[in-house]
Each structure stands twice: as C-alpha cells, then as structure tokens.
Amino acid sequence: MHFRALFFLQALARPEMEGMMTDTKYMRRALSLAARGAGFVCPNPLVGAVVVKDGKIVGEGWHKLFGGPHAEVNAIAMAGEQARGADLYVNLEPCSHHGKTPPCTELILRSGINKVVIGMKDPNPLVNGQGSSLLRQRGIEVHTGIMEKECRKFNEVFIKFITTRLPFVIFKYAMTIDGKIATIDNASRWITGEESRKIVHRLRSRMSSVMVGVDTVIFDNPLLNVRLPGKPGRLPLKVIADSRLRIPLEAKVLENDPQLCLIATTEKADNKKILEIRRRGSQVLVCPSKDDRIDLPFLFEHLGKMDISGVLLEGGSTLAFSALKEGMVDKVMAFVAPKILGGATAPTPVGGMGIPGMEDALALRDLKVRKVGEDLLIEGYLEK
C-alpha cells in the first residue's frame, strides 16, 4: 500500500516536474540568445525570447542593438501566424511603455500568444510588474520567476544602473601568485596568459567604459580598446583618472579614437593642456577634489548621467583603493598567474593608505574559482 501511494503521488507530480523542466529548457535558450546582444545594447538589458508551439520552437529573437526592436518583436516576427496560441519565453518582463520602440505587451496581445513565461520582473520603474499585470488583465496566462537567480545575475549591470543611475563597477586585475601586478621596474607584460587576456577583451566589449589611473597610462601606455576577431560590439569609453592632468599628449588613448576618451581631472589641471586635449577630440571633465584626489562619487554619478551603465576598472592600485574605499566597486575579477616576482617595492593590485584593522577588511561573497589556461580566475562580489 505504501509503494502504491508513493507511486500515485509521483505520478501526480510528474506533469508539474516535466513542465518545470520544459520552462527551464526554453528559458536557457532565451538567455543564450540574449547573450548575443552583449556590447551592442547598453544601457539597455540583454533580452532573448523564444516562441514555442506544440513542443517546437517556431520563433526566436534577441535585442540586437540599442534603439532597435526588442527580443519579443524579433521572435514573434519569426513565428508569424504560428504565434497564435503559442507560448512565449522571455528572460525579462515585457515592457508596457512607449520608449524608443512601442510597448512589447501590445504586440504580444495582437499576436495571439496564449502564455508568457518570464524569468524576472523588470526593475525599471517604468515597467516593474506593469507588463505582467497588463497581460494577465487581458487574459494571457503569465508565469514569472523561472530561473530568476540566473536571470538577475545575467543582467546585473542593467539592474544596478536602472535602479540607482550609477554604473555597475567591476574591478579587474592580473597578478602573480605572490600578489604583484608588475616588476620592481613596473614591467607588466604579460603577467597572465593569452586565454585570460581574451576574457578581458570580451569584458571590455561588453562594458560601457574602461577606467584606469594616469600612472597606468604613463607606465604602460595602453590602448584600452577591444582586440577581438569579428564584430566585438561598440568600443568602450576610455576613462582616465588624472587629478593633475599628467597624461602625456602622445599617449595612445589620446591618439587612437580620441573621441572615445574622457580625462577626469580637478582644478589643479593646467588650463592650456585642457584646451589642447579637447582640441584633439577628447573630453575633459573637471571634478571636485576629495582628499587631494578626484571625487570618485562625483565622477561615477557623471558617468551615470552619460548612460554609462558599466565600468571595467583596470587599475592602478591607488585608484583601486579609492574606488573600494568609496564603496563604488560591485564585483572583483582577479586573474592569478603561476609566477613569482617578489620585490618589496613591486606594485600590488590595491595600494593607497590601506585598511589598518583586519576587522575592517573588505569581504567578498559568492566566490567562484575557475582555471583559465594556466591561470586562475577568482570572482566575487563586495559585501555592501
């Protein structure tokens, strides 16, 4: 009797379990489609959509370009008449307001979609549950929260930006196993291997901006561009923190795509040099001073007003400490190479004044460690 009852309960649960597995399967597909928009849609979210009818995918789409049609529009267009009576899977709640494009909810209603399965609610105050509510009111079956944790992580940059108007900041650095980011003579090429560097370039292609301190420009003279095969997405804005405007006029960041370079400085900067940099096509932002350096909260607020949704902070150590101290960093990505440099004066990832007490150390959560070629990549989020 016991086994019969157990079998009966399992039989009752099986359709529900199968439905959950099906929802997960198509939501994963929606996320994989959404990823194709990385680097092209900022500051908009990454969204993918799948139209399913009779157990078969009849339409797919993703948000391809900022200002272009949304994922739902592209998926329903592909499905055509087969959208009538079908199910729609989308990782982010469909919009219900007029923006650069018409509301997706109107199209869903016109298309005859029968059910909408949503990964997460849109945190945009202009949507924030209204899309789902409207669809339900008009008789559409709506399910939300499918793979919600994965969907939220997938759009973590958008979520912070749309709710705070501040960019999501990733502090990325490469160091040796003994914690050095360069030699005693400031040589840093190359600490990590080629596979790690490819990941960094993919990150640059997906973030709105890349930020470094002026010492990094002086010692390394980086391009701060994206070097990937094919079409990597829009080039990020190059932001240089330079409180006294010490950047050399022949620096590569000023000579290559100067219109994509913003120098953040203070009132200590030479006005003639400001005018010369602007004449060459780059932007100069004069920020207030704080502790004899750039007021970073002011700078990040300004970047938010420029619709910069994400910042990849690549050093140097003094700027990194200031950003961490001000609570501006959201995520850390540390590439660790199996090399030893030593040297008491060799630079480390985080410099500045330092934290005196161990009890005040900045903690990371949700740590992940994976091997990248011969290197290790450690990722974690700052406790707020």
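Report, in debye and to the nearest 20, how large the dipole of the chain comes out about its Cα centre when Lys and Arg carry +1 and Asp and Glu carry -1 on their Cβ.
The calculation lands at about 800 debye.
Under a no-solvent Debye model with one identical scatterer per Cα of the range 69-204, what's log10 I(q)/I(0) at q = 0.12, 0.21, 0.22 Å⁻¹?
-0.62, -1.24, -1.31
What number, rounded to the nearest 500 deg cm²/dmol, is the helix-based mean residue ellipticity at 222 nm of the chain, given -39500 (n - 2.57) per DSSP H run of at least four residues and division by all its residues?
Calculated mean residue ellipticity at 222 nm is -10000 deg cm²/dmol.
Estimate the FRET efficiency between Ile378 and Glu255 by the formula 1/(1 + (r/R0)^6), using the beta-carbon distance for r and 35 Å for R0, to the nearest 0.05.
Plugging the Cβ-Cβ distance into 1/(1 + (r/R0)^6) gives 0.55.
Can you tell me the length gained on complete extension of the stretch Lys115 to Ile177, counting 0.36 nm per residue apart and subtracting the Cα distance?
Answer, rounded to one decimal: 17.1 nm.
What ranking, highest mean first, results for peptides 348-358, 253-263 when packing means the other Cβ atoms within 10 Å averaged over each residue?
Working: 348-358: 13.0, 253-263: 19.2.
The packing order, highest mean first, is 253-263, 348-358.
Indicate, rounded to the nearest 5 percent, the antiparallel portion of the DSSP beta bridges found entirely in the chain.
Antiparallel: roughly 40 percent of the beta bridges in the chain.
Place a point 7 Å from Cα of Ile184 in the direction of its Cβ. Which residues in the range 337-354 have their backbone N less than 16 Å from it?
340-348
Could you give the length gained on full extension between Glu267 and Arg370, defined as 0.36 nm per residue of separation minus the Cα-Cα distance, in nm?
32.7 nm
Sorted by packing (mean other beta-carbon atoms within 10 Å per residue), highest first, where do 195-206, 310-321, 333-344, 26-37 land?
310-321, 26-37, 195-206, 333-344
Any chance you could run the full-extension gain for Ala35 through Gln137? It's 0.36 nm times the residue separation minus the Cα-Cα distance, nm to one decimal.
33.6 nm
List the aspartates and glutamates whose alpha-carbon lies under 19 Å from that of Lys290, not counting same-chain residues fewer than 8 positions away?
The reachable aspartates and glutamates, counting only those whose Cα sits under 19 Å from Lys290, are Asp215, Asp242, Glu267, Asp270, Glu301, Glu326.
Which links in Lys172/Lys325; Lys64/Lys384; Lys160/Lys180; Lys149/Lys198; Lys25/Lys198 stretch past 23 Å when you go from one Cα to the other?
Lys64/Lys384; Lys160/Lys180; Lys149/Lys198; Lys25/Lys198
Read the figures in this text as sums done on the coordinates, not as results from a lab. These numbers come from a predicted model, not from an experiment. For neighbour counting, all protein chains shown are included, and Cβ atoms are generated from backbone atoms with ideal geometry for every residue, glycine included.
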